[in-house]
Amino acid sequence: MKIFPFILFFCPLILCAEVLQIDGVDFYYRIPHNPGADPKIMVLFGGRNWPGDKTLKTYAFDDLADKHRLFLLSPSFRDRDYWNPELWSGKLLKKVIARLEKHYRLGSPRIFLYGYSAGGQCAALFYQWMPERIAAWGVHACGVYPEEIKNFQAPALITCGTEDRERFQISRQFVYRYREPGGRLLWKYFPDAGHELSSRALEIAKVWFDDLLSGKKALLSGEDDTQRIGGEIDADFRNPLYSGKLKELWLE
């Protein structure tokens, strides 16, 4: 195991992180300013073949991480169908998480997943592969989901642009499949948006994770398409809203 300290500059903040290299793959991670008690791990998967440092810089989850004692971890997976955890990437991620847990004496903390595009495929598929550790997962512009949904207990967030047509249709179909057995899922689409990772997608993801990490309960529900708030909403079309800010972003 090799650990190299380095600094990523993200104006106006400075993101201090380290890299752990194992089996030829770089895993970049950031330690929260005050880990304290009850630390957690959030795995951030970037777009196809993104290096982990680019993912940490682009997502800029620093404030969320410091507020909730999150260790941010981002793998630099490349090629070899890495979004399928059973092939090789899942075992490698587990190995890295185990080393971080041992090195920083984390115990077995809850793990959160978020990913964009091919990284979204990772988040969706890795949850089904290791559900016992995952507390919540979210994706943006994802085009591959598990064919069989064996696990639906973890809250999920799915966002997509309507002009990202194929992924939009695939995501929408999965939304109903995940909700059908009882899964809690927030579905937000952005009219006229394409495949890009927009600031709106990142903002709603940060607020959604913040609400869950803060232990908030869904006080309101919104209905797909109509955006009707409250009242009787069929479970297949129900979006749990945990805060006024999340409601505001969902209605935009």
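Assorted remarks:
- Qualifying helices (runs of 4 or more DSSP H) (wholly inside the range 43-139; at least 3 residues being crowded, with 21+ Cβ neighbours inside 10 Å, at pLDDT 95 or above and within 14 Å of the chain's Cα centre (by Cα)): 52-59, 118-129
- Exactly one residue out of 138, 120, 90 is in contact (Cβ under 8 Å) with a residue 24 or more places away in the chain, farther than 29 Å from residue 234 by Cβ and among the small types (Gly, Ala, Ser), and it is 90.
- Members of the range 29-50 found to be over 23 Å from residue 141 (Cα atoms) and touching an Asp or Glu at 6+ places or on another chain (Cβ under 9 Å), listed by number: 29, 30, 31, 32, 33, 34
- Residue that is touching a strand residue (DSSP E or B) at 6+ places or on another chain (Cβ under 9 Å) and of a type in the set (S, T, N, Q), where the choices are 108, 74: 74
- Of all residues in the range 221-242, those satisfying the criterion of being buried (at least 16 other Cβ atoms within 10 Å of the Cβ) and over 19 Å from the mean Cα position of the chain (by Cα) are 221, 222, 223, 224, 233, 237, 238.
- Search result, residues across the range 222-252 that are among the small types (Gly, Ala, Ser) and either closer than 21 Å to residue 135 by Cα or touching a helix residue (DSSP H, G or I) at 6+ places or on another chain (Cβ under 9 Å) (or both): 222, 235, 243
- Restricting attention to the range 217-240, the residues that are within 20 Å of residue 180 (Cβ to Cβ), in contact (Cβ under 8 Å) with a residue 24 or more places away in the chain, of a type in the set (A, V, I, L, M) and touching a strand residue (DSSP E or B) at 6+ places or on another chain (Cβ under 8 Å) total 1.
- Elements of the type strands (runs of 3 or more DSSP E) sitting completely within the range 146-252 and holding at least 1 residues that are among the small types (Gly, Ala, Ser): these cover 156-161, 220-223.
- Members of the range 212-252 that are of a type in the set (D, E, K, R) and over 18 Å from residue 175 (Cβ atoms): 216, 217, 232, 245, 247, 248, 252
The values are calculated or read from the model by the stated rules, or taken from the named source; none is laboratory data. In this text, all values refer to a predicted model and were calculated from it rather than measured experimentally. Because the Cβ atoms are built from the backbone with ideal geometry, glycine has one as well, and the counts that use them run over all protein chains shown.
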